[in-house]
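First up is the structure itself, then whatever we jot down about it.
The values are calculated or read from the model by the stated rules, or taken from the named source; none is laboratory data. Here the structure is a predicted model, which means the values were calculated and not measured. Reconstructed Cβ throughout: ideal geometry from the backbone, glycine too, with neighbour counts over all protein chains shown.
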Amino acid sequence: MILYLLVIVAVLWTVLFKLRRRRMYKLAALIPGPEEELPVIGVAHSFLGDAEGIMSALQYYSYGSMQHGIFRGWLGHILYFLVVDPVDLEMVLKTCLEKDDLHRFIRKVIGFGGIFAPVSIWRRRRKILMPAFSPKIVEKFVEVFSEQSEKLSKRLADSASGEDFSIWPFLSSYTLDSVCETAMGVKMGAQENPNSPFLASMNALLNVVCERIFHLWLQPDWIFKLFPQYNIHQDCIGVLHGFTDEVIQKKREELKNEQRSQPEVDKQFDLQDYRTKSFLDMLISLSGGERGYNNEELREEVLTLTIAGTDTSAVAIGNTLKILGKYPKIQEKLYAELMEVFGETKRPLVKEDYTKLKYLDRVVKETLRLFPPVPFIIRKVLTDTKLPSGHVLPAGSGVVVSIWGAHRDPKYWGPDAENFDPDRFLPERFNLVNSCSFMPFSNGPRNCLGYQYALMSVKAAVSAIVKNYKVVGLEETSPAPKMRVKLEIMMKAVDGYQISLEKRTSL
């Protein structure tokens, strides 16, 4: 009898659930989806593989969206639309501001940091963050990037034997040191100690988070706790939070001591006074000092900056080096520019050099176009949203913004969209119909505030390496570079960025 009642309840619940969502089903049926979609689970089986398989599936759906204008897929009971058209994407990124529920897994790590915060929290925090990322402030960090990139170049000397090696540990150590010094005012020393617990914990956590996003059985917390990934997850969070909390506490005490010893007339906050301060210093002051952000809010913002800044920049540097190894002529043209700017000296990079390194700028941007570190963004659709293309996204669904697809869409980039051509970004050729055709740092109100910061870090590292070493790789015969990639929140090379370096003799 009890079993009979349970069956009736289950059937009634299912019927009511489907009735409430009938408009969603109706609108979804108007949009093409993959042939391999299955009952109940939808396309979930496409994501059962490893991180490379997950990325391959999303690339496949991106091409489907290029062909049909938009692509639909059910992930269990959740409906997602994958969009690549930049005109549609502009509307999505301006109107669908709430991050998708899948971001709850990264929120367990960093809380409500600006990138992943709900709109209600994000609006307030972004106003505080914006002044901290002004060009005048960011350019003051060039000295840090320059010092750390020179250190990176020297550390690579022992590996410049012509043999293949993974440069990833070197790059992530460089970006972590740069980010920690600029974000927290802490010299992490990861380049001297590549086995940094903070860095190892961060990489392990991102891997676990990605597994939870795409593997349905890891999503419910009570099930996740039964898997070994849970213990890894908790241990790594302890390392990241413990370190950051200690830094914040010390910074609070340091600022209190400074204030006590400061004359009353000098206590008013001025951005110009913060030219050598870290983002943490500025967040404390810009949010209102003792009456501003509490320690947990500071930890959320600092951790967001640290994790996002470390991984995205390291990936962008690694991808650029891999590309230069595939196209030696492009590399030599870049080297010639570096020699023109730096000459035979071994002087470090200064902020005035950035405006002179025009070809470096084009090489980095073209790499970001074909291999964006963050290839997909997911947003919630809270109300029915009609796109410029005429398609309607129903309330309650999610939309996957395919940056990877938008950057390769031949309708906007031409028939050679898959080719690597830095000169696309020459002023006379770079004429985007829509800004969402090129958005390696997102677009719209929730775009990445730190894009200038990231570009400066990437260019500092690439220039320091190419000045001193020749990157050797398997030369690509096609203008369209091939690279096996995987998705671990960021899109990374499967091989861990295996390259070969040869010491240049002209310096």
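Remarks
- The criterion of being part of a helix (DSSP H, G or I) and either of a type in the set (Phe, Trp, Tyr) or within 21 Å of Val315 (Cβ to Cβ) (or both) does not hold for Ala157.
- Sole exception among (1) surrounded by 18 or more Cβ atoms within 10 Å (Cβ to Cβ); (2) among the aliphatic types (A, V, I, L, M); (3) in a loop (DSSP other than H, G, I, E, B) for Leu432, by number: (1)
- Ala316 vs. criteria surrounded by fewer than 18 Cβ atoms within 10 Å (Cβ to Cβ) and within 30 Å of Lys482 (Cβ to Cβ): no
- Members of the stretch 41-60 that are in a helix (DSSP H, G or I) and touching a residue at least 40 places away in the same chain (Cβ under 8 Å): Ala44, Phe47, Ala51, Glu52, Ile54, Met55, Leu58, Gln59
- Residues located in the stretch 115-147, provided they are assigned to a helix (DSSP H, G or I) and among the small types (Gly, Ala, Ser): Ser120, Ala132, Ser146
- The stretch 392-409: number of residues that are in a strand (DSSP E or B), small (Gly, Ala, Ser) and over 12 Å from Ser65 (Cα atoms): 1
- Listed conditions (1) of a type in the set (D, E, K, R); (2) modelled with pLDDT of 95 or more; (3) within 29 Å of Leu206 (Cβ to Cβ) are all met by Glu488, apart from (2).
- Scanning the stretch 334-351 for residues that are under 27 Å from the mean Cα position of the chain (by Cα) and either modelled with pLDDT of 95 or more or among the hydroxyl-bearing types (Ser, Thr, Tyr) (or both) returns a single hit, Leu334.
- The listed residue being of a type in the set (A, V, I, L, M, F, W, C), over 30 Å from Thr95 (Cβ atoms) and in a loop (DSSP other than H, G, I, E, B), out of Ala460, Ala480, Ala464: Ala480
- Test: residue in the stretch 341-364 that is buried (at least 16 other Cβ atoms within 10 Å of the Cβ), touching a residue at least 12 places away in the same chain (Cβ under 8 Å) and within 30 Å of Ile106 (Cβ to Cβ): yes
- For the stretch 396-408, a tally of residues being in contact (Cβ under 8 Å) with a residue 60 or more places away in the chain and touching a strand residue (DSSP E or B) at 6+ places or on another chain (Cβ under 8 Å) returns 9.
- Filter pass, Leu487 being under 30 Å from Glu147 (Cβ atoms) and either buried (at least 23 other Cβ atoms within 10 Å of the Cβ) or under 25 Å from the mean Cα position of the chain (by Cα) (or both): no
- Some residue of the stretch 222-245 being surrounded by 20 or more Cβ atoms within 10 Å (Cβ to Cβ), under 30 Å from His45 (Cα atoms) and of a type outside the set (Gly, Ala, Ser): yes
- In this structure, Lys411 does not qualify as in contact (Cβ under 8 Å) with a residue 24 or more places away in the chain, among the charged types (D, E, K, R), touching a Lys or Arg at 6+ places or on another chain (Cβ under 8 Å) and more than 24 Å from Glu139 (Cβ to Cβ).
- Taken over the stretch 136-159, the criterion of being under 20 Å from the mean Cα position of the chain (by Cα) and modelled with pLDDT under 90 is satisfied by Val138 alone.
- Residue identified as in contact (Cβ under 8 Å) with a residue 12 or more places away in the chain and surrounded by 10 or more Cβ atoms within 10 Å (Cβ to Cβ) among Leu89, Leu38, Leu6, Leu12: Leu89
Listed here are the residues, each with its yes/no results for (1) closer than 25 Å to Leu298 by Cβ; (2) touching a residue at least 12 places away in the same chain (Cβ under 8 Å); (3) surrounded by 17 or more Cβ atoms within 10 Å (Cβ to Cβ); (4) among the aliphatic types (A, V, I, L, M).
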residue	(1), (2), (3), (4)
Asp158	no, no, no, no
Cys180	yes, yes, yes, no
Val186	yes, yes, yes, yes
Asn195	no, no, no, no
Phe198	yes, yes, yes, no
Ser201	yes, yes, yes, no
Ala204	yes, yes, no, yes
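- Single condition Glu337 does not satisfy, out of (1) acidic (Asp, Glu); (2) in contact (Cβ under 8 Å) with a residue 40 or more places away in the chain; (3) surrounded by 14 or more Cβ atoms within 10 Å (Cβ to Cβ): (2)
- Members of the stretch 80-104 that are of a type in the set (A, V, I, L, M, F, W, C), assigned to a loop (DSSP other than H, G, I, E, B) and more than 19 Å from Ser46 (Cβ to Cβ): Cys96, Leu97
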